[in-house]
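See below for the structure under consideration.
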Amino acid sequence: MNKQVANDMDAAVAEIRLQGFTIIENFLSSDQLSRARELLGHRGVEFKGRNNFEGSKTERIYALLTQDKVFQDIVEHPQIMALCDTFLELNYLLTTSQAICIHPGESPQPWHCDDAFYSIPRPRNVALSTVIALDDFSAKNGGTEVVPGSNNWTELQAGGDYRDGEAETDPEFAERMADQSIAVEMPAGACVVFAGNTLHRGGRNTDSGIRRALSNQYCQPWARTIENFYLTIPREQVREMSPKIQSLLGYSVHSPFMGQVSGSHPIKTLDPDFVPSVYRNH
Ligand SMILES: O=C(O)CCC(=O)C(=O)O
């Protein structure tokens, strides 16, 4: 890493610690940005969400990294890996890889933090999330809204980490969030990185266009992942991926033996001839 990049990374780490998030401009190369936009712009299939969290006017594509090498390159982007190396333990995992395209007329998501699934009291350090803009993000088109400093809030201040629509009916909480949150306004190709316990949401889209984004999220090597990639991604496809991606998908061990397969390292399962020892005796 050159000195300037290292300094930028130090600043990013400090911002995440202090305010819960940082913005990395020019995160995607122009080739990555145009390729990702092209792939998401021509799908012709709509996967609208099924609840107010996924969003009834929001298109989500899960296991996105299976769709094209460009999405894999973005998952293992060096700046994000450097942040994961800082915040998470060795052999951290990819917990979800998705496209989030917020269509016009979408209402805001419920306030939440991405590590809300883990029943560990605050402050906790289980996950790191990214939202990568494929269109310019604004306060009007559904740009991510974050609550600066909420990563350092107590349980009481956070008022619960996932409030399924409750925030809208709790005037005190809604007012506090309105006062304290900001909309992330950033150009296409930029990325907001936030701590797993930072309160945030996808914003309301009152604009005329779709707000397209990618979201890759990472978690500690001992935490259960949101997406079950072992079942989603066939091993033939995993075999073609980089060693880093394989590790991120769980073909790795959290020392000394969490993630083992019948006593073997899970990477061995990518060998087409691998037979778990448990089957060998039958
Ligand atoms: O789309 C966004 O800006 C944020 C989405 C989000 O926070 C989520 O779905 O967990």
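Of all residues in region 63-78, those satisfying the criterion of being part of a helix (DSSP H, G or I) and more than 14 Å from the chain's Cα centre (by Cα) are T66, K69, V70, D73, P78. Taking each residue of region 4-25 that is touching a residue at least 24 places away in the same chain (Cβ under 8 Å) and more than 11 Å from P148 (Cβ to Cβ) and looking for partners that are assigned to a loop (DSSP other than H, G, I, E, B) and among the small types (G, A, S) with beta-carbon atoms closer than 9 Å, six or more apart or interchain, yields I23/A190; I24/A190; E25/G189; E25/A190. Among the residues of region 96-138, the ones that are within 18 Å of R176 (Cα to Cα) and either in contact with a Leu (Cβ under 6 Å, 6 or more places away or on another chain) or at pLDDT 95 or above (or both) come to 2 in all. For region 198-224, give me each residue that is more than 13 Å from the ligand (Cβ to nearest atom) and either without any contact (Cβ under 8 Å) to a residue 60 or more places away in the chain or part of a loop (DSSP other than H, G, I, E, B) (or both). Of everything in region 198-224, those that are more than 13 Å from the ligand (Cβ to nearest atom) and either without any contact (Cβ under 8 Å) to a residue 60 or more places away in the chain or part of a loop (DSSP other than H, G, I, E, B) (or both) turn out to be T206, D207, S208, G209, Q220, P221, W222, A223, R224. Note on region 52-62: among residues that are without any contact (Cβ under 8 Å) to a residue 60 or more places away in the chain and assigned to a loop (DSSP other than H, G, I, E, B), the one that is nearest to the ligand (Cβ to nearest atom) is E54. On inspection, E38 qualifies as outside any loop (DSSP other than H, G, I, E, B), surrounded by fewer than 16 Cβ atoms within 10 Å (Cβ to Cβ) and either away from the ligand (no atom under 16 Å from the Cβ) or at pLDDT below 95 (or both).
Taking every residue in region 133-155 that is basic (K, R) and pairing it with any residue that is more than 12 Å from the ligand (Cβ to nearest atom) and assigned to a loop (DSSP other than H, G, I, E, B), at least 6 positions away or on another chain, the pairs with Cβ-Cβ distances below 9 Å are K140/T206; K140/D207.
The values are calculated or read from the model by the stated rules, or taken from the named source; none is laboratory data. Computed from a predicted structure; not experimentally measured. All Cβ positions, even for glycine, are placed from backbone atoms using ideal geometry, and neighbour counts span all protein chains on display.
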